[in-house]
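Here the structure is laid out as structure tokens; the discussion comes afterwards.
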Amino acid sequence: MSIFHATGDTSQPVSWIRQRNRWSIFGILFWLATLLPFYFFPAYLGLANQVAIAALFALSVDLVLGYAGIVTLGHAMFFGLGAYTAGILSARYGWGEPISGLLLGGLVAAAVGYVASFLIVRVQHLALIMVTLGLGLLTYELANAMSWLTGGTDGLMGISTWQIFGTFRFDLWGYTAYSYSLAVLFLCFLACRLIVNSSFGLSLRGVRENVKRMPAIGSDYKWHLRKVYTISAGIAGIAGALLTQTTNTVTLEVLSFQRSADVVVMLILGGTGRLYGAIIGAIIFLIARDQLAGINPQYWFLWIGILLMFVVLFMPKGILGGLSRLIRREE
Amino acid sequence: MISNIVIVLFDGFAFGMLLFVLSVGLTVTLGLMNFINLAHGAFGMLGGYVTVMLMRQFGIPFLLTLPLAFLCAALASVILERTFFRRLYRAGELNQVLFTIGLVFVAAAAATYFFGTGQQPIVLPRWLRGSVELFGIRFGIYRIFLIVVSLAITALLFFTLERTRFGAKIRAAVDNQRVAQALGLNVERIFAVTFALGSGLAGLGGALAVEIVGLDPSFALHFLVYVLIVVSVGGLGSVPGSFLGAALLGIGDVAGKYLVPELGSFLIYLLLVVILLIKPTGLLGKR
């Protein structure tokens, strides 16, 4: 298998996993670079916060789409569940403590994800895409119909998020918001890194590459898929809760098909099956949208459409995949 | 009460027939090549704009614009198939989904550029307007026209598929592409022709839809969900399945919005998920 062609003694799975878990200089530089907005672009901290949240969401989709090969067009349902859980907790029950709201948002999304995962593993190909799409649309309609709880099309009013650990207040400029989101993103990234570079992560790739052979080598692939789907739903829920807490609003948009589609586009741009691909895709997508929509919002779709077609035709592994191929060729 | 039920069934069936014409092409091409073409609705949108522009700019009568809408959509699909789509047949479903949805976005932006974001109303000829009264219930004449046209198309499709040589080739290629190829059928050519015909039908459906659902640049994206539901519920490659799926969806959609408007499209999506979980290949799908 091509994934074993890394440097060093990788003939043993254990040493391969250990080697994958080492930090590279690029990784360290990348995370240092995420601190740049504090010093160089303080006016864009709001955008940086959006990017961090979108990156976390894209990371969760990468787990199911990039590693396990489940094509999903409805992942916004988990994002929205997390967002509404954190929002309802604050607006309806008056509990605005951020960390517990975050965890509860993740838990609720993961619980629903666990239930949904039983449905997801039953279907493949077009039916799978349609079931994820259908579940996403169902959740949207449900939230719209339950306006006594969710606020319906007006959005949920009256959310207030308390200080983090009782000391860090959310400020107008977004210093706290971005620090908070970045910290959560980093922690979840570490978790995802552990997951994909473990024996569990390897069996997920096995499912992605050849679903029929996995049972033949004694691997319970349905259980693996259910596990990763639940984890992914939980992370998406955390991302949604982050959005609620840093903006103090929830609208139906968090559940929309647009959000599900956007996150897949981000992932494809960056490169599926790579954790950094999800983050870089989110950065490029949101900055491009911010800049291009500033020029002419109507034609944002034109650019994203052209970009999508270009990436599929010429860079099927995304921007990161294309870069790593270029580098390897020079070697 | 009875008259309400009848009118819901009638309107729903007319809407379903519209959906059938819009989506039957995708059913067959998906069954043939497993090519997930989310841009199918964009051909419908093209047909709609062709009809609107021909009627408004050149004063061509409505009925005459319908075959032209068919031709334009078919032509556009052939060009796209030859240049782009054929590279993607072996590219995996995710790439197909992304490329074609990118195409939908570009089509929407192009429609915005040329025609603006507004609705494009058309004025039907006098004999298609109004309604007739039967047993005390008023039926819209245009909806009757829609059902008649769609049933005629359905009959033609069945005849072509079941009774002609070309239809036999299509069925053979859908059933088993490899064996069909081994028997000397040029599956790629069959696919190209079927693709053009299917997209043409979508164009015709788009032209017929203008009066019922309106036409704006979001048409392709909006109907994408409906078309996909018809295809996946009916079963890939199954024309009778599509007919059944479209009729179910049309009646379900109209009935749901009429009887429980507060739930919106909830029931439709619930039905979609339940049907696919019980029968992942669709109601009448073989694979």
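Overview of values
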quantity	calculated
Cα shape, the protein assembly as shown, gyration tensor, a/c 1.5 rule	prolate
Shape of region A:193-331, Cα gyration tensor, a/c cut at 1.5	oblate
Chain B, relative contact order in percent, only Cα pairs under 8 angstrom and at least six apart counted	38
Relative contact order (percent, whole number), chain A, Cα cutoff 8 Å, 6+ residue spacing	31
Under-5 Å amide H pairs with A:V250, H placed in peptide plane, nonlocal only	A:L156
Structure-based [θ]222 nm, the protein assembly as shown - -39500 (n - 2.57) summed over DSSP H runs of at least 4, per residue, nearest 500	-24000 deg cm²/dmol
Pairwise centroid distance, computed over Cα atoms, of region A:234-250 with region B:42-111, Å	39
Formal net charge of residues neighbouring A:A54 (Cβ-Cβ distance under 15 Å; K, R +1; D, E -1)	-2
Karplus 3J(HN,Hα) series, Hz, for region B:42-49 with 6.51 cos²θ - 1.76 cosθ + 1.60 (x for Gly, Pro)	5, 5, x, 4, 4, x, x, 5
Tilt relative to chain A, helix A:275-295 - C-alpha long axis, 0 to 90 degrees, to 10	50
J(HN,Hα) series, region A:245-256, from Karplus relation 6.51 cos²θ - 1.76 cosθ + 1.60, nearest Hz, glycine and proline x	6, 8, 10, 6, 9, 9, 10, 4, 4, 5, 9, 6
Alpha-carbon centroid distance for the pair region A:123-139 / region B:197-216, whole angstrom	25
Formal net charge of residues neighbouring B:L267 (Cβ-Cβ distance under 12 Å; K, R +1; D, E -1)	-2
Charge tally in the Cβ shell below 15 Å around A:A110, where Lys, Arg are +1 and Asp, Glu are -1, A:A110 excluded	+2
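Quick note: the coordinates plus some simple rules give every number you see, no bench work behind them. The shown structure was predicted, so the numbers you read here are calculated from the model rather than taken from an experiment. With ideal geometry, Cβ positions are generated from the backbone for all residues, glycine too; neighbour counts draw on all protein chains shown.
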